[in-house]
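Shown next, in structure tokens, is the structure this report addresses.
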Amino acid sequence: MIYVKKTDRSCFEMYDSISMNVDVRSEYRIKRIDNGLGGMIFEEVPVTPYIKDLSVYERATEYEKEFDITYWSFYMAFDDEKLVGAVTVAAKTDKLYMLAGRDDACVLWDIRVADGYKHQGIGQKLLDLAIKDAKADGYRQMIIECQNNNVPACKFYHKQGALLSKIDMYAYYDEPDCRNEVQFLWYLDLD
């Protein structure tokens, strides 16, 4: 039986044990019309399949080295006693550029479901609990970062009612292994 619960920093090592593999089979390519002044066209195109492990970029055990996590929330999903998913929501954090100084918004910082447990509604259960608590804490919007090569996540956030609001073609330019990825920021209204 799958259940989700709120946790704390004492569970960070367990949290980091969950892989965050994305099975990339397509990506959104963006074509600028008239150098962007005429808009943009998004096209989902197939790519040579590969696995991208996003957990190498996000380690819960490292959060406190960079941020004050006082207002962060952590949730985990279990299949009986086996850890199968987790999510982090960040809020009221200096240096967290996605918040842009806002106290009425939070960021879906990380969401992961273990291989073998995807497409079973676990991510939805985690997100539902995170949203419920974010609303109770008075946040009006949840900001969600995603990349153009994580098409399943883009479709998941779109299904939640999130609006794609920012596109940064050069967000990862200084990172050689993901230089060609495009950052998408989604905004989900919570009220």
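Bear in mind that the values in this text are calculations on the coordinates, not laboratory data. Only a predicted model underlies this, so the values are computations on that prediction, with no experimental measurement involved. No Cβ is skipped: glycine too gets one built from the backbone with ideal geometry, and neighbour counts run over all protein chains shown.
Across the range 151-170, what is the total count of residues that are hydrophobic (A, V, I, L, M, F, W, C) and within 24 Å of D103 (Cβ to Cβ)?
Narrowing the range 151-170 to residues hydrophobic (A, V, I, L, M, F, W, C): 151, 153-154, 156, 162-164, 167, 169.
Subset that is within 24 Å of D103 (Cβ to Cβ): 162-164.
Total satisfying the criteria: 3.
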Exercise. Taking the stated definitions as given, is N180 surrounded by 19 or more Cβ atoms within 10 Å (Cβ to Cβ) and over 26 Å from D103 (Cα atoms)?
Worked result: no
Exercise. What strands (runs of 3 or more DSSP E) lie completely within the range 1-73 and have 2 or more residues being exposed (fewer than 11 other Cβ atoms within 10 Å of the Cβ) and free of Cβ contacts under 8 Å to residues at least 60 places away in the same chain?
Worked result: 40-53
Exercise. How many of the residues making up the range 73-99 are touching a Cys at 6+ places or on another chain (Cβ under 9 Å) and not β-branched (V, I, T)?
Worked result: 9
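With a cut-off of at least 2 residues that are under 26 Å from E62 (Cβ atoms), of a type in the set (D, E, K, R) and in contact (Cβ under 8 Å) with a residue 60 or more places away in the chain, name the strands (runs of 3 or more DSSP E) lying wholly within the range 85-191. Outline the logic, then answer.
Details: elements: 105-113, 141-147, 163-168, 183-189.
In the range 85-191, the matching strands (runs of 3 or more DSSP E) lie at 105-113.
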Exercise. Hey, E175 hits all of (1) exposed (fewer than 13 other Cβ atoms within 10 Å of the Cβ); (2) over 24 Å from E27 (Cβ atoms) but one; which does it fall short on?
Worked result: (2)
Exercise. Got a sec? Which of D34, D103, D115 is of a type in the set (D, E), out of contact with any helix residue (DSSP H, G or I) (no Cβ under 9 Å at 6 or more places or on another chain) and under 27 Å from M14 (Cα atoms)?
Worked result: D115
